[in-house]
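Structure, as structure tokens:
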Amino acid sequence: MALQAFCPTCGAEVTFTVESSLVAVCSYCETLCGRGEGRLESYGKVADLTQTDSPLQLGLDGAIRGRPFEIVGRIQYRHAAGGVWDEWYCAFRDSEHWAWLAEAQGRWYITAPTPIPTNADVPRLAQLRLEQEVELPKAGRVKVAEIGRAAVISAEGELPYVPHPGEPLNYADFSGVDGTFATLSEDGGQRDLYVGGQYTLEQLGLATAASREEASQETSAVQVSCPNCGGTLQLRAPDRSLRIACTFCGSLHDVNQGNLVFIQKATTHTVEPVLPLGGQGNLNGQEYTVIGFLQRRVIYEGKSYYWQEYLLYRPRAPFKWLVHSNNHWTLGEAVPPGEVKASARSAMFRGRHYRLFDKSMPEVTYVRGEFYWQVAVGERVFSRDFVSPPYMLSREADSDEVFETPNAQKKRKQLKNKKKKPSGAAGEESYSTEVNWTLGEYTPAPVVSKAFGVKVRSPMFHVAPNQPYPHQGVYRRWMYLLLAALVAGLLVYLVSPNRKIYEETFALAATTNPEHRVFAAKPIQVRGRNLRVVAATSSPLSWMYVDGDLYNTENGVVRDFTVPVETDDAGLGRSRSKYLSALPSGSYTLHMDVKWHNMSVDSPRLTVQIYEGSPRFLYWFLLIVFLSIPAILTALHQFNFEKQRWSESDYSPYG
């Protein structure tokens, strides 16, 4: 039931529509009006709201997992680094429960207040470090993604508690698997935990808000003047940009509600981007605008290695990056830290294993355009790149201590205590520390060229860390051919008659001359198929050779053959086969010269069998070898390709 009262400051009517609301902002004088004994009490005024171009507004209806809610209020925060974001107060209609709905870099998070049990081992913010795993009520095992500080700057509508504009609020954000998200805040001695997850506006029943935002995209950009040179600059993402570098003089400015504040002078050198600022391109079916460009470098053994990064913007969508290095391109997007399992030398993300390729401290050397964080020339971060072509999983953070050994952590803390407290890029004290994981996918140069309508160079001989081997398709085609050969061999085996046309056992008379001529008088009928002659002996011999021929009694055709009969270590004979190509049909007689070495055997026995239409697997084996030659050559080429890939890494598996 709605409660209507009057503002204690201006007398305007103030309405409470939700029982869980404790205060409401007067829409006329912006006074915080709290429920009192029969009347409203004043808790001071809030500042004007900062324009954020959010698609949401008070009064919108949504639903999560079938539970309807209404947006009845909003609190606006300013991050210690300068960014502004909104958190919308959502009241559920079926109960007194409520939740916060917030947007961060194009992603939406809804979290509900969660009591902290007295026996729960939830650490204080001062005890947390980046990527530390903690157990939180209802959230389970999560990782610390950010530790920061913010302050309330404004509000509107109804609120579940009394905000204190201007007072700092310390918080930590946590990320878990399957989109789990949590925030732990500390305000004096008060600790509040909010647990929820990541959703799309469609999943929250707020698709109409998203469509309204899409319809108003054309009016979102604003024009401002550079305080240094007076040049006209266009802010394409004014609600999400914190820094902009002038395209004319290169000076760097803070973005403050469209008013620019000079921060840093231009660098002495200029770098021309391959993709022009403001250029639009279609990648994976989505239209993006290039709004930022920066160059970074790392110094290795006294030599500088440079690469460029382009910031891509699309309203109501997460930012993406196009990284350009040695004419190779990688399209990247931020991923939840809680879904990454990483050690010093490897990482696992969504079931895929990544190997450490490089760790460094890259430095920003050139900036142009606008950015969603307070970028500055000279900015450095701890970076690790893990690769699993065509993907690269990159970590950037304010520290690398999560991978340090306990002794290294102790030494670093001792050294840190001896040094002066560091300052931010703008000379202000930094209150925030966070970790960012980015998943990049290799994007061929022709794809980038086609997407943005700009001619880009293709790579020549250099292999990129996450460049996929270009001839992987050879293995797939080889597997198809191999399967076809196996099927063909099985069919040949099944349809081959393998018919026995002759069998006879001979008792060979003992003689001092180890050579006997044997004549088989029984005629052998051949039907024009290939033949297999099998010779075997069960007598203990050192060796035996059967030299024979098949004589066609009708036309005189003769086919010679030799069958060496093998013996084992004990001298016992074993059968051996000899394949003959197809003979003309007809009647044949068998003649054999048999040689052997006696081993106290008076009369060794020889058994001869002849089969017609026997499949010969040697040809099938040779076919497999022939079909495998391209795959073998490809494997050798890929081995060299992988060695080139890892030749620039200190963590090469090839030594």
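The values are calculated or read from the model by the stated rules, or taken from the named source; none is laboratory data. The structure displayed is predicted, hence computed values, not measured ones. Backbone-built Cβ (ideal geometry, glycine too); neighbour counts: all protein chains shown.
Residues that are closer than 12 Å to Leu101 by Cα and either aliphatic (A, V, I, L, M) or assigned to a strand (DSSP E or B) (or both) within the range 26-57 comprise just one, Leu56. Kindly indicate whether Val557 is touching a residue at least 24 places away in the same chain (Cβ under 8 Å), surrounded by 16 or more Cβ atoms within 10 Å (Cβ to Cβ) and in the same structural domain as Ala520 (by TED's automatic domain parsing). It is false that Val557 is touching a residue at least 24 places away in the same chain (Cβ under 8 Å), surrounded by 16 or more Cβ atoms within 10 Å (Cβ to Cβ) and in the same structural domain as Ala520 (by TED's automatic domain parsing). When Tyr310 is tested against (1) in contact with an Asp or Glu (Cβ under 8 Å, 6 or more places away or on another chain); (2) crowded, with 21+ Cβ neighbours inside 10 Å, exactly one condition is not met: (1).
Quick one: which of Gly73, Gly82 is assigned to a strand (DSSP E or B), touching a residue at least 40 places away in the same chain (Cβ under 8 Å), small (Gly, Ala, Ser) and closer than 30 Å to Thr433 by Cα?
Numbers: Gly82 fails: assigned to a strand (DSSP E or B).
Among Gly73, Gly82, only Gly73 is assigned to a strand (DSSP E or B), touching a residue at least 40 places away in the same chain (Cβ under 8 Å), small (Gly, Ala, Ser) and closer than 30 Å to Thr433 by Cα.
Since Ser304 meets every condition but one in (1) part of a strand (DSSP E or B); (2) buried (at least 16 other Cβ atoms within 10 Å of the Cβ), which condition does it not meet? Single failed check for Ser304: (2).
If I ask for residues that are out of contact with any strand residue (DSSP E or B) (no Cβ under 8 Å at 6 or more places or on another chain) and under 26 Å from Gln76 (Cα atoms), which ones from the range 123-152 would you list? If the condition is that a residue be out of contact with any strand residue (DSSP E or B) (no Cβ under 8 Å at 6 or more places or on another chain) and under 26 Å from Gln76 (Cα atoms), then Ala126 is the only one that fits. Considered as a group, the residues in the range 473-499 that are under 30 Å from His324 (Cα atoms) and touching a residue at least 24 places away in the same chain (Cβ under 8 Å) include one that is surrounded by the fewest Cβ atoms within 10 Å (Cβ to Cβ), and that residue is Tyr475. The residues of the range 60-78 that are surrounded by fewer than 22 Cβ atoms within 10 Å (Cβ to Cβ) and closer than 21 Å to Thr200 by Cβ, listed by number, are Leu60, Asp61, Ala63, Ile64, Arg65, Gly66, Arg67, Pro68, Glu70, Ile71. Would it be correct to say that Arg605 is closer than 16 Å to Glu504 by Cβ and basic (Lys, Arg)? The answer is yes for Arg605. Return yes when Ile299 is among the aliphatic types (A, V, I, L, M), part of a strand (DSSP E or B) and surrounded by 17 or more Cβ atoms within 10 Å (Cβ to Cβ) and no when it is not. So Ile299 fails the test.
Among the residues of the range 464-474, are any under 24 Å from Glu642 (Cβ atoms) and in a helix (DSSP H, G or I)? Yes: one or more hits.
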